[in-house]
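The values are calculated or read from the model by the stated rules, or taken from the named source; none is laboratory data. Not measured: the values here are computed from a predicted model. So basically every Cβ, Gly included, is an ideal-geometry build from the backbone, and we count neighbours across all protein chains shown. Remember, those area values only see protein heavy atoms, side chains included, never the ligands or the DNA or RNA. Shrake-Rupley method; radii C 1.70, N 1.55, O 1.52, S 1.80 Å.
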Amino acid sequence: MFIAVMIVIALLCVIGFLIYRLDLYRSYNNYRIDKIKKLEADLSKEEDLNNNTLKKLNKVAYTNPISKIGNLDFFISEAGKLFEEEPETDCTMICFNIQNIGKINKLFGPTEGDNVVIHAAHTLRDIGQRERHIFAHIYSNLLGIIVKNRSEEYIKEQIAELTRLIAAYNESFKVLTSFGVYHISDKTQPITQMINACMLAQRFVKNPEKCNYVFYTEELEADLTQNKQMSQEMEQALEEHKFLMYLQPMVDLKTFRIVSAEALVRWDYPGKGILSPYAFIPLFESTNLVQKLDYYMWEECLKTIRRWIDNKIAPTPIAMNISPIHFQNTKFIEYLDELCEHYLIDKNLLILELPERGISSGGSQTKEVITTLKEHGYTLCIDNFGSMNSPLNLLRDYPIDRIKIDRSFLNQNSDTEEGMSILRYLIAMAKEVGLTVITEGVETLEQTNLLGEIGSDIAQGYFFSKPVDLREFDQLNHSMVQRVYQSNEYYPTFEDLEKDLDLIAFMLEQA
């Protein structure tokens, strides 16, 4: 009996232990389930957080921080998707920038410059969203857009609309845009290469106020390659004196003797012969290489004058061209002074020709440069006067000694009575304020006599001589004698006209 009781008790203990273990397992299993659920909830929450963070990071990575529209990475990504999904779709890329952003930053500060770029970007965004184009603020001052299945006429209309809306930013100053257009024929090429093609075309925009877009062509690529080669060769050409100084005589219209000469540059280019400045000066001006070329030419002029003096030859004053880039500061004046001191040249033997386009578009800085030149004793001449409808206040507001009437102004006004009246009174006004008047582009005897009659002091042109090298100029200067013909009429100045009117009034009173 006792044994049976012990067996029952043992069985009950085993059963109790098993029940305890089962409850313990159930509790542990419930704990694990709860833990897993919690981990799953935490993981889901973290995944959502990571997704939101990823979206934010993507937004930051694909957004320009200034304009808050897509950036270069966004442009590349979206364009890549388009080209992959629609390989047969006709696409055109347009890139543009604010061409005068540097001047805006200088005059109104970089904050205003940023505001202009932001305005341009938001204008692009509004049009891009409306027309469903891919668009982006690529970097800095460059913005881009890709249009699908659109005609060239449509593209020109879009450019015109962008130009108009961006220019409306502020009425107190101009905002000039410059566009490059590239028709995408090969969608497998890198997007950056397409952007470079647009930028290349954009560089060939010469006057954005007249036409501010250029379409990319293979010829532009060839021109760029040639320009790069010429730019790279310039330094060596300067060292080897491949740039030559030519002189074109300026002739007094009363004595018909050479009284001065303009220094003009030529490039003795291997394999092509003597290049006119029209072949390389625009390139050098766009890359600032023109500064080095100017310095080189100025020294060549002073060397020539020094050689004349040393050889007991009466020196002829030389007119030297000053490129507009020098109007940005007065440092070049120190260089001119040092050259004059080094070669012991009297500044009266130099005439500095300042381009009208640089003066008329300049501001207070330009006026400061010109005033400083005058204070340093240089003779100053406005070159190409009349080529850009020169305001007459240039004659009053700047310390100028001479004006050189542009050849185009002479040609446009010498064939009609109205044009002749303009020429007469322009010359009369210039002489009234004490300026010497030079006229360039004189090619005929009729023009020569005409200019003498209406009061031009000096003439320059192919009628007298083309630009020649130094040896030929010396021979020409030595042999040229006074002509037998002279102007038989001198057009009166305002002072003369006033005297005539006074005389007529007196005669009327006597009558």
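Structure values in brief
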| quantity | calculated |
| --- | --- |
| Selection from segment 415-427 of residues that are open to solvent by less than 60 Å² (accessible area, probe 1.4 Å) and over 14 Å from residue 455 (Cα atoms) | 419 |
| Matching entry among 97, 71, 64 (being in contact (Cβ under 8 Å) with a residue 40 or more places away in the chain, over 17 Å from residue 134 (Cβ atoms) and surrounded by 18 or more Cβ atoms within 10 Å (Cβ to Cβ)) | 97 |
| Filter result for the condition that a residue is at pLDDT 90 or above, part of a strand (DSSP E or B), open to solvent by less than 40 Å² (accessible area, probe 1.4 Å) and more than 20 Å from residue 354 (Cβ to Cβ), over 265, 251 | 251 |
| Check on residue 129, surrounded by fewer than 14 Cβ atoms within 10 Å (Cβ to Cβ) and either in contact with a strand residue (DSSP E or B) (Cβ under 6 Å, 6 or more places away or on another chain) or closer than 13 Å to residue 69 by Cβ (or both) | yes |
| Flag for residue 38 being touching a helix residue (DSSP H, G or I) at 6+ places or on another chain (Cβ under 9 Å), modelled with pLDDT of 70 or more and open to solvent by 60 Å² or more (accessible area, probe 1.4 Å) | no |
| Test: residue in segment 285-303 that is buried (at least 20 other Cβ atoms within 10 Å of the Cβ) and touching a Pro at 6+ places or on another chain (Cβ under 8 Å) | no |
| Residue pairs meeting the criteria (Cβ under 7 Å; at least 6 apart or on separate chains; first at pLDDT 90 or above, in segment 466-483; second in a helix (DSSP H, G or I)) | 468/476; 470/304 |
| Count of residues meeting criterion [without any contact (Cβ under 8 Å) to a residue 60 or more places away in the chain, over 18 Å from residue 185 (Cβ atoms) and either part of a helix (DSSP H, G or I) or open to solvent by 40 Å² or more (accessible area, probe 1.4 Å) (or both)] in segment 135-153 | 2 |
| Tabulated pairs, segment 276-301, first within 29 Å of residue 344 (Cα to Cα), second assigned to a helix (DSSP H, G or I) and of a type outside the set (A, V, I, L, M), C-beta under 6 angstrom, 6+ apart or interchain | 290/284; 293/284 |
| Count - residues of segment 343-371 that are touching a residue at least 12 places away in the same chain (Cβ under 8 Å), outside any loop (DSSP other than H, G, I, E, B) and either open to solvent by 30 Å² or more (accessible area, probe 1.4 Å) or among the hydrophobic types (A, V, I, L, M, F, W, C) (or both) | 17 |
| Yes/no for residue 109 being surrounded by fewer than 17 Cβ atoms within 10 Å (Cβ to Cβ) and at pLDDT below 90 | yes |
| Qualifying residues in segment 398-414 (those that are within 12 Å of residue 354 (Cα to Cα) and basic (Lys, Arg)) - the one least open to solvent (accessible area, probe 1.4 Å) | 404 |
| Residue selected from segment 246-255 under the condition touching a helix residue (DSSP H, G or I) at 6+ places or on another chain (Cβ under 9 Å) and not aliphatic (A, V, I, L, M), by the criterion nearest to residue 302 (Cα to Cα) | 246 |
| Residue match in segment 170-189 (condition: part of a loop (DSSP other than H, G, I, E, B), over 23 Å from residue 77 (Cβ atoms) and among the hydroxyl-bearing types (Ser, Thr, Tyr)) | yes |
| Check on residue 88, open to solvent by 60 Å² or more (accessible area, probe 1.4 Å), of a type outside the set (Lys, Arg) and in a helix (DSSP H, G or I) | no |
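Per-residue answers, yes or no, for (1) more than 30 Å from residue 473 (Cβ to Cβ); (2) open to solvent by 90 Å² or more (accessible area, probe 1.4 Å); (3) assigned to a loop (DSSP other than H, G, I, E, B); (4) touching a Lys or Arg at 6+ places or on another chain (Cβ under 7 Å):
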site	(1), (2), (3), (4)
205	yes, no, yes, no
209	yes, yes, yes, no
222	yes, no, no, no
232	yes, yes, no, no
245	no, no, no, no
256	no, no, yes, yes
